[in-house]
1. Kindly indicate whether any position in region 120-136 is under 21 Å from the mean Cα position of the chain (by Cα) and under 30 Å from Ala284 (Cβ atoms).
2. Among (1) farther than 26 Å from Ala134 by Cα; (2) free of Cβ contacts under 8 Å to residues at least 40 places away in the same chain, where does Val218 come up short?
3. Of the numbered conditions (1) of a type in the set (D, E, K, R); (2) at pLDDT 85 or above; (3) under 16 Å from Ser130 (Cα atoms), Asp176 satisfies every one except a single condition; which is it?
4. Any residue at all in region 267-280 that is among the aliphatic types (A, V, I, L, M), in a helix (DSSP H, G or I), surrounded by 10 or more Cβ atoms within 10 Å (Cβ to Cβ) and modelled with pLDDT of 80 or more?
5. Would you confirm whether or not region 229-237 contains a residue that is part of a helix (DSSP H, G or I), buried (at least 22 other Cβ atoms within 10 Å of the Cβ) and not polar (S, T, N, Q)?
6. So which of Ile116, Ile149, Ile165, Ile141 is surrounded by 14 or more Cβ atoms within 10 Å (Cβ to Cβ) and farther than 21 Å from Thr225 by Cα?
7. Hey, can you tell me all the residues within region 222-237 that are of a type in the set (A, V, I, L, M, F, W, C) and touching a Ser or Thr at 6+ places or on another chain (Cβ under 9 Å)?
Amino acid sequence: MVYKFYISTKSSNFSEDEILNSHLSVDGKSLYLKEIATTQIKYEKHSLLTRTDGQNSLMIMTKKAKQGDAIKLSKEIRKILKIYKENHPHLEFKVLNDSSFWIETRLNVISANILIGLILLFFAIWVFISLKIALVVIIGIPVSFAFGIIGIESTASSLNTLSMIGVLLSLGLLVDEAIVVSENIHRHKLMGKTTHDACVDGTAEVVPVLFVAMLTTVIAFYPLTTLTGALGAFIKIIPIMVIILIVSSFIESFVFLPSHYAILNSKEKTNKAGFRDKVWEKIAKAYKRFFKDSINILIIFYTSKII
């Protein structure tokens, strides 16, 4: 009867002869292993074969840590593979199923949407309000984003596709408070006040209202942060990002925005109606005439019906 024994070794320095010359004690007698056995060195059989482009291959799977950066990790791996290719030209190295490509693509799409939204927002405020207020509002958005990034890092989360969706959702909410504060400051400035007084009075006047508005938005999104299970783990970062940005925008509107407005209006000037103001004044008069005529027509119409 022939018995087979498998011995697995890792990083062993023993040769086959050394193994055969090993001493054994059998029934009080000393024997060499080669007297009762033969050896054959083989590599372990593969239980799972990986094939790439029709060829046997060795696949190494890499995953980022929870706080890791997939895009940065992918770039570092490609740098390492480039070095291996130079040192081992007879081997072929390939990167497969690189999820960072799709992550980067989505981030680029969302970033482009945010940039387009900011540009359209700037021109809309410029056309309908004024250039200075448009500049004040746009300058404040990066400040809110900076606070948002600091806040998201403090919650042990990362800036990823979902958090960027939160940025996109809150983009319109970010400028609401800034527009209200800057427009109210501008209104006080048109009343003949100095820039300093206009900033102080205009800001203080709208603090309670905007605080309540900010609080209602936070209360509306907060329940989403308490969701549990797979769904909660997936979408929790979106309401967290929205809440952080809304609070950041509120702080920016009452701490930094008045300073930005004061800097852009450092020179005291007499507030004269400009070309845009004259155009809007004509549009307002035309609208009032149209509205008044429409009301008169409705009154005449319903009066005739009653008669």
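The values are calculated or read from the model by the stated rules, or taken from the named source; none is laboratory data. Keep in mind that this is a model prediction, so the values were computed, not measured. Please note: Cβ atoms are built from the backbone with ideal geometry, for glycine as well, and neighbour counts cover all protein chains shown.
1. Step one: list which residues in region 120-136 are under 21 Å from the mean Cα position of the chain (by Cα), which gives 120-121.
From the residues that got through so far, the ones that are under 30 Å from Ala284 (Cβ atoms) too are 120-121.
There is at least one residue in region 120-136 that is under 21 Å from the mean Cα position of the chain (by Cα) and under 30 Å from Ala284 (Cβ atoms).
2. Unmet condition: (1).
3. Result: Asp176 passes all but (2).
4. In the first step, residues of region 267-280 are kept if they are among the aliphatic types (A, V, I, L, M); the result is 273, 279.
If we keep only those that are in a helix (DSSP H, G or I) too, we end up with 279.
Filter once more, keeping what is surrounded by 10 or more Cβ atoms within 10 Å (Cβ to Cβ): 279.
Of the ones still in play, those that are also modelled with pLDDT of 80 or more are none.
No; the residues of region 267-280 include none that is among the aliphatic types (A, V, I, L, M), in a helix (DSSP H, G or I), surrounded by 10 or more Cβ atoms within 10 Å (Cβ to Cβ) and modelled with pLDDT of 80 or more.
5. If we filter region 229-237 for residues that are part of a helix (DSSP H, G or I), which is where we start, we get 229-235, 237.
Adding the requirement that they be buried (at least 22 other Cβ atoms within 10 Å of the Cβ) leaves 237.
Among the residues that remain, those that are also not polar (S, T, N, Q) are: 237.
Checked region 229-237: at least one residue is part of a helix (DSSP H, G or I), buried (at least 22 other Cβ atoms within 10 Å of the Cβ) and not polar (S, T, N, Q).
6. On the way: Ile116 fails: surrounded by 14 or more Cβ atoms within 10 Å (Cβ to Cβ); Ile149 fails: farther than 21 Å from Thr225 by Cα; Ile165 fails: farther than 21 Å from Thr225 by Cα.
Testing whether each residue is surrounded by 14 or more Cβ atoms within 10 Å (Cβ to Cβ) and farther than 21 Å from Thr225 by Cα leaves just Ile141.
7. To start, the set of residues in region 222-237 that are of a type in the set (A, V, I, L, M, F, W, C) comprises 224, 227, 230-231, 233-235, 237.
Within region 222-237, Ile237 is the sole residue that qualifies.
The rows are residues; the columns are (1) over 13 Å from the mean Cα position of the chain (by Cα); (2) under 28 Å from Lys236 (Cα atoms); (3) modelled with pLDDT under 80.
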residue: Met164; (1), (2), (3): no, yes, yes
residue: Gly172; (1), (2), (3): yes, yes, yes
residue: Ile185; (1), (2), (3): yes, no, no
residue: Val200; (1), (2), (3): yes, no, no
residue: Val206; (1), (2), (3): yes, no, no
